[in-house]
Amino acid sequence: MIYVKNISYMFSHIFFVIFIYLFLTHRYSQKKTTAICFISCTIMNLLDILKLNLVPDSNLVYFFTTILQIAIAQSTGLLIAKKRDSRVLFISLSASNYVIVGSITASILYILTGSISLALTGNLLMHLTILMILFYKIGGIFHTFCERDLGKSWWELCLIPVFFFCSFSCLAFFPHTLYEYPQNIPVSIFLMITMLVSYVVVLRYLDSANKQVDEYWKNVMFGSYIKGLESQNYLVEQSEQNLKILRHDMKHYSMMIDSLMNQGEYDEIRHITGHINEVVNENKIDRYCENLIINTLLSQMVGQAKSFHIALHLDVMIPREIPVNEYAFAMVLANLLENAVHGVKNTEPSKRYINGKIHCTAEYLLIDMENECANELLFDSLTGLPKSQKGKGHGLGMKSVQAFCDKLGGNIDCYCENHKFRIIMFVKL
């Protein structure tokens, strides 16, 4: 029986590190992440030898060794994860619950059949089955769960795997095992089924909630896009009307110019031609780029900047077709420009400016913005991005920018020097 426990626990540790390796987004390279997982697995297996083989009769050693193994396992997940927060802890704790099912399966099969080979085969198959089902059915949900910037802490979710793990441990392992109390087998089986169903339901609910949030922001984007088109359409209609009036009046201007030429009043002629050029320029529709959605967004932001008497200097190079999601890209630009407008609208008139370089080609994406910064900024120690000081519910714009950049594998750098804030996002496509 001791060999069943040794091999069963070894399977559990191996599948635990495989689980967190597959379901977490990695901070380090593949080689370094694999090495960390291997070292963690080896240490946990050595601790199993201590509590099962070297000191098998000490409940105290068993208890503290198990606590140490749990700490090592959870620390491994936090160490290799790209974002070290409550979601990573939730996934690592969930991995512990999934692999404990395999250990309980091995114990149940050995108790019922007395066959070591059948118990270990069932253990291995149970681990593989759970891993494959979870990876193909809800693996995408786990990755989305990790990559999305949810804007809030999810520590309460960690209580789900904690209570399940404690229940399994009390029923099957400590202070008495299933070998000593086989009457706990039915309860253990139903608890395993309850856990698997609960996880699927909870994760699918989270996925549904995330999709609803995505749809909401898409609707916001489309609403903004439609308003921009309506605004542009209004400007076009006004320009056409004004130019029609100008064309109608041109014969009168021509008569005046002819008369003034005969009188030699060349300065007055210059005033008239200047007025005509001024009318033409006022009714010219600005076009910032070839992409309709981005151009609409930029037109709106230029109008917003003008309403606060902010000089918006843009260097835009964006083709009609771009290699990234144009709606997500438009939202990033909207967030950055809106933050810049809010940052300078209350400064002195001479300091109300925003310089922006926005390039998107087949090879790279570059956003470089600079504006005056009168107030002191607080920067997030983890992301390096400025944090909102308006309280809960604010600062989602920068998180959205960070999520967009992370998804494309880009880099963001920002700093504030001499009361000038600058943010640069670069993505190699």
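The values are calculated or read from the model by the stated rules, or taken from the named source; none is laboratory data. Keep in mind it's a predicted model, so treat the numbers as computed, not measured. Here the Cβ is made from the backbone with ideal geometry for all residues, glycine too, and neighbour counts use every protein chain on show.
Here are the numbers:
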| quantity | calculated |
| --- | --- |
| Candidate set: region 153-181, residues that are part of a loop (DSSP other than H, G, I, E, B) and in contact with a helix residue (DSSP H, G or I) (Cβ under 6 Å, 6 or more places away or on another chain); chosen: the one farthest from ILE108 (Cα to Cα) | SER153 |
| Matching residues, region 397-420, being assigned to a loop (DSSP other than H, G, I, E, B) and in contact with an Asp or Glu (Cβ under 8 Å, 6 or more places away or on another chain) | HIS419 |
| Options ASN45, ASN6, ASN53; residue that is exposed (fewer than 13 other Cβ atoms within 10 Å of the Cβ) and touching a residue at least 24 places away in the same chain (Cβ under 8 Å) | ASN53 |
| Every residue from region 323-367 that is under 19 Å from LYS306 (Cβ atoms) and assigned to a loop (DSSP other than H, G, I, E, B) | LYS345, ASN346, THR347, GLU348, ARG352 |
| Given (1) among the aliphatic types (A, V, I, L, M); (2) surrounded by fewer than 20 Cβ atoms within 10 Å (Cβ to Cβ); (3) modelled with pLDDT under 90, number of the condition LEU366 does not satisfy | (3) |
| Residue check for SER188: at pLDDT 65 or above and in contact with a Leu (Cβ under 8 Å, 6 or more places away or on another chain) | yes |
| Selection from region 334-351 of residues that are farther than 16 Å from PHE421 by Cα and buried (at least 19 other Cβ atoms within 10 Å of the Cβ) | ALA334 |
| One residue from PHE23, PHE38, PHE16 being closer than 20 Å to LEU120 by Cβ and either among the aromatic types (Phe, Trp, Tyr) or more than 35 Å from the chain's Cα centre (by Cα) (or both) | PHE16 |
| Unmet requirement for SER400, which otherwise passes all of (1) at pLDDT 90 or above; (2) within 25 Å of GLU290 (Cα to Cα) | (1) |
| Subset of region 302-322 [exposed (fewer than 12 other Cβ atoms within 10 Å of the Cβ) and in a loop (DSSP other than H, G, I, E, B)] | HIS309, ARG320, GLU321 |
| Per-region count, region 56-85, residues of a type outside the set (A, V, I, L, M) and either outside the structural domain of THR177 (by TED's automatic domain parsing) or surrounded by 15 or more Cβ atoms within 10 Å (Cβ to Cβ) (or both) | 9 |
| Cβ pairs under 8 Å, 6+ apart, first in region 104-119 and assigned by TED's automatic domain parsing to the domain that holds ILE7, second in a helix (DSSP H, G or I) and surrounded by fewer than 13 Cβ atoms within 10 Å (Cβ to Cβ) | ILE116/TYR3; ALA119/THR113 |
